[in-house]
1. Can you give me the number of residues within the stretch 164-185 that are on the phi < 0 side of the Ramachandran plot, at pLDDT 85 or above and part of a loop (DSSP other than H, G, I, E, B)?
2. May I ask you to list the residues in the stretch 173-191 that are over 14 Å from T262 (Cα atoms) and among the hydrophobic types (A, V, I, L, M, F, W, C)?
3. Having 3 or more residues that are on the phi < 0 side of the Ramachandran plot and in contact with a Leu (Cβ under 6 Å, 6 or more places away or on another chain) is the bar; report the helices (runs of 4 or more DSSP H) wholly within the stretch 189-283 that clear it.
4. Just checking, how many residues over the stretch 349-407 are part of a loop (DSSP other than H, G, I, E, B) and in contact with a strand residue (DSSP E or B) (Cβ under 9 Å, 6 or more places away or on another chain)?
5. How about the stretch 393-442: which of its residues are more than 16 Å from L218 (Cβ to Cβ) and of a type in the set (V, I, T)?
6. When you scan the stretch 293-300, do you find a residue that is touching a helix residue (DSSP H, G or I) at 6+ places or on another chain (Cβ under 8 Å), β-branched (V, I, T) and part of a helix (DSSP H, G or I), even just one?
7. Take the residues in the stretch 186-205 that are over 30 Å from S217 (Cβ atoms) and surrounded by fewer than 22 Cβ atoms within 10 Å (Cβ to Cβ); name whichever of them is modelled with the lowest pLDDT.
8. Does any residue in the stretch 64-75 that is assigned by TED's automatic domain parsing to the domain that holds T92 and surrounded by 15 or more Cβ atoms within 10 Å (Cβ to Cβ) come within less than 6 Å, Cβ to Cβ, of a residue that is at pLDDT 80 or above and of a type in the set (D, E, K, R) six or more places away or on a different chain, and which pairs are these?
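The values are calculated or read from the model by the stated rules, or taken from the named source; none is laboratory data. Since we're looking at a predicted model, the values are computed, not measured. Here the Cβ positions follow ideal geometry from the backbone for every residue, glycine too, while neighbour counts run over all protein chains shown.
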Amino acid sequence: MGETLMPPPGVVPAHGEQELVLLVRQRVATRLAEYAGEREAAGLPAEDESARRATVGRLLAEELGAQRRLALMQGSKIIDAAVEERVAQAVTDALFGTGSLERLLADTTIENICVNGCDVVWVKDAAGAWRREGPVAASDAELVELVRTLAAGTGGEERRFDRGMPRLNLQLADGSRLFAVMAVTGRVSLTIRRHRFPAASMAELVRLGVCDRQLASLLTALVRARKNIVIGGGTNVGKTTVLRAFAHEIPPEERLVTIEDTFELGLDTDTVAHPNVVAMQAREPNIEGKGGIDQAELVRWGLRMSPDRVIVGEIRGAEVIPMCNAMSQGNDGSLSTIHASTSRGVFTKLASYAAQAPERLSLEATNLMVASAVHFVVHLGWDAAGCRVIDSVREVIDADGTQVVSNEVYRTGPDGRAVPAAPLRTETVDELVAAGLEVEGSAFSFWGVG
């Protein structure tokens, strides 16, 4: 292989700062690999990320210092401090996987990052306002390489991203969810959804204004009474956060099996709240189109793992049937989410997924299955002020032919937030009281149980 000719240290390449970034990155990466090899030869363990970052910082400082000294010796223009800082940041970002996305991921006020090509970058903050940011890569080709680097750096198997597999869905190291597409769009596009409240609780939902204390106490009792709950809502309305809050109320002695298309819940990472968790993730087919494992199959596997509860991150297809079977066969207290525009629409969505499953259940059979499996539907929406809120809670009663019969115990009020409506069934109230719901002398007197 021929040797790449590079300008001498201390001289900014003729084409500018970007070329300097590439040059320094190459040299630091080479020295980093040599240093790792030396440690291995000496029988030393590989550095953890903190130590590796410190090593990269030291090598960067040495490279930039060498450039300053040689520039003085050769009478060349010395790079100013601002350029050095930008070069160091760009090299550090590139070597640790997220490239120029690092500065956006480091901003805790950002909820969504949308990249419509390397230089068309939009972010949305927690208040819902969009703003444009600078490029995250020098070209779309470099953006593709960045996405592939991210895929290679995630735990477990490497996920493809090419014309043969033009989509990529994965979880970043900080818990953010990334979805990227190429070939089917005019330019490479990626979307990153941040989870600002990874360790949510019912108290946190109250603090955030998602629900009031009265509704929070009801929902807590539903979880503790082992009611099967489906959480519905639109995109980016906070379904995963609410599911995490519900899971926070599950006793730590219970064994959980979580099933997701892409790891996102992270219940297995909190070994204090949930010490006995098996987290499973669907797998894409290999290049020959074989080896794929979907969520429906994982639900079936999960039922053989002695779970107290099965949690499906998001119902989106054929897994609806094994999930309902799990809920109605002794795994009460199971949780899942689903995309739906209304709480009643959750039943329509469940039926449409069941109709597409290999079992091809009729609508009547599907409704009977849902009515025997799902106890409550909790729906999220937006209030009049544009805040995420729970806007409806339904208790499933029965099935009647083409309809699932339910009582809307909390309905959408004038401001978009849930307000008390139809009473719970007496037997349900008794179960919730046994699970710790306090009704005597409380605001639940509107149901006639105080």
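1. Here the count works out to 4.
2. V181, M182, A183, V184, V188, L190 - these are the residues of the stretch 173-191 that are over 14 Å from T262 (Cα atoms) and among the hydrophobic types (A, V, I, L, M, F, W, C).
3. Details: elements: 202-208, 213-224, 239-248.
Fully inside the stretch 189-283 and qualifying: 239-248.
4. Counting residues in the stretch 349-407 that are part of a loop (DSSP other than H, G, I, E, B) and in contact with a strand residue (DSSP E or B) (Cβ under 9 Å, 6 or more places away or on another chain) gives 3.
5. I397, T402, V404, V405, T412
6. yes
7. G186
8. Short answer, once both residue conditions are applied: L64/E84.
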